[in-house]
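**Q** Sharing a structure below in structure tokens format, with a few things to ask.
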Amino acid sequence: MSAITADNCQGQSNSSGEGLDATTANNCQGQCASSGTGLATTQTAVGCYGYSVYGIGLSANNANNCNGQSGSSGIGLNATQIATGCYGLSGTGTGLVAYVAENCLGVSNGTGTGLDASAANNCYGYSFNGGTGLHASVVATGCFGDVANGPGTGLVAQNGNFCFGTSVTIYGYKCNMP
């Protein structure tokens, strides 16, 4: 399904295309049974759900209160700008990717990264099988990173403020942390 503005819609693809493709999507669902994207927007997705078996679950410029899942090695939820209050889950890949992630949860059921962002605020990242729970290439604030079942790092960031994890690596500035 393709639209400029999609409200309360559902779309599905059985091939490599998008389940739902829109400029803006509100309270929509999109699913892809192959390698395409479940739900894709070029601007904003609000209250949406996207699922792909092999590809990206949900892709948006900005995502608010959205849920994206990939059943395999794809990205669960990908926000090129800001993800707020979102959840991303991937079978073996990265759960949630965003330039800025705020109040988000990212989970990788494999060796991938739970949540990967340039800046992460009040976020939680979890990797089940030895990957990285949460990675912030610039700064993490008020975040927690967790890793289980093997080697890996709970939280990795360039700079950190009030962050915790099963194991924490901060390369630069560290504040309000043990």
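The values are calculated or read from the model by the stated rules, or taken from the named source; none is laboratory data. Quantities reported herein were computed from a predicted structural model and do not represent experimental measurements. Positions of Cβ are generated from backbone atoms using ideal geometry, with glycine treated the same way; all protein chains shown enter the neighbour counts.
**Q** Looking only at the range 50-88, count how many residues are buried (at least 22 other Cβ atoms within 10 Å of the Cβ) and either farther than 21 Å from Thr111 by Cα or among the hydrophobic types (A, V, I, L, M, F, W, C) (or both).
**A** 12
**Q** Between Val147, Val97, Val139, Val107, which is crowded, with 17+ Cβ neighbours inside 10 Å and over 23 Å from Gln69 (Cα atoms)?
**A** Unique residue meeting the criteria: Val139.
**Q** Looking only at the range 117-153, count every residue that is in a strand (DSSP E or B) and out of contact with any Cys (no Cβ under 6 Å at 6 or more places or on another chain) and tell me the total. Don't jump to the end; show me each part of the working.
**A** Going residue by residue through the range 117-153, those that are in a strand (DSSP E or B) are 117-121, 124-127, 132-141, 144-147, 153.
Okay, now just the ones that are also out of contact with any Cys (no Cβ under 6 Å at 6 or more places or on another chain), so 117-119, 121, 124-127, 132-133, 135-139, 141, 144-147, 153.
Here the count works out to 21.
**Q** Any chance you could count how many residues in the range 27-49 are among the aliphatic types (A, V, I, L, M), surrounded by 24 or more Cβ atoms within 10 Å (Cβ to Cβ) and under 20 Å from Ser72 (Cβ atoms)?
**A** Narrowing the range 27-49 to residues among the aliphatic types (A, V, I, L, M): 33, 39-40, 45-46.
If we keep only those that are surrounded by 24 or more Cβ atoms within 10 Å (Cβ to Cβ) as well, we get 39-40, 45.
Next cut, under 20 Å from Ser72 (Cβ atoms) only: 39-40.
Count: 2.
**Q** In the range 1-42, which strands (runs of 3 or more DSSP E) lie fully inside it and hold 2 or more residues that are at pLDDT 95 or above and under 19 Å from the mean Cα position of the chain (by Cα)?
**A** Answer list for the range 1-42: 20-26, 29-32.
**Q** So for the range 77-86 (the condition being at pLDDT 95 or above, out of contact with any Pro (no Cβ under 9 Å at 6 or more places or on another chain) and part of a loop (DSSP other than H, G, I, E, B)), does at least one residue qualify?
**A** Within the range 77-86, one or more residues are at pLDDT 95 or above, out of contact with any Pro (no Cβ under 9 Å at 6 or more places or on another chain) and part of a loop (DSSP other than H, G, I, E, B).
**Q** Answer with yes or no whether Ala33 is touching a strand residue (DSSP E or B) at 6+ places or on another chain (Cβ under 6 Å) and of a type in the set (A, V, I, L, M).
**A** no
**Q** Can you confirm whether Val156 is assigned to a strand (DSSP E or B), under 26 Å from Tyr51 (Cβ atoms) and of a type in the set (Val, Ile, Thr)?
**A** no
**Q** Moving on to the next point. Search the range 165-178 for residues that are outside any loop (DSSP other than H, G, I, E, B) and pair each with any residue that is surrounded by 11 or more Cβ atoms within 10 Å (Cβ to Cβ) and among the small types (Gly, Ala, Ser) when their beta-carbon atoms are under 7 Å apart and the residues are at least 6 apart or on different chains.
**A** Note: pairs meeting the criteria are Gly165/Gly133; Gly165/Gly145; Gly165/Gly154; Val168/Gly154; Ile170/Ala157; Ile170/Gly160; Lys174/Gly160.
**Q** Let me ask something additional. Scan (1) within 12 Å of the chain's Cα centre (by Cα); (2) surrounded by fewer than 24 Cβ atoms within 10 Å (Cβ to Cβ) for the single condition Cys123 breaks and write down its number.
**A** Cys123 satisfies all of (1) within 12 Å of the chain's Cα centre (by Cα); (2) surrounded by fewer than 24 Cβ atoms within 10 Å (Cβ to Cβ) except (2).
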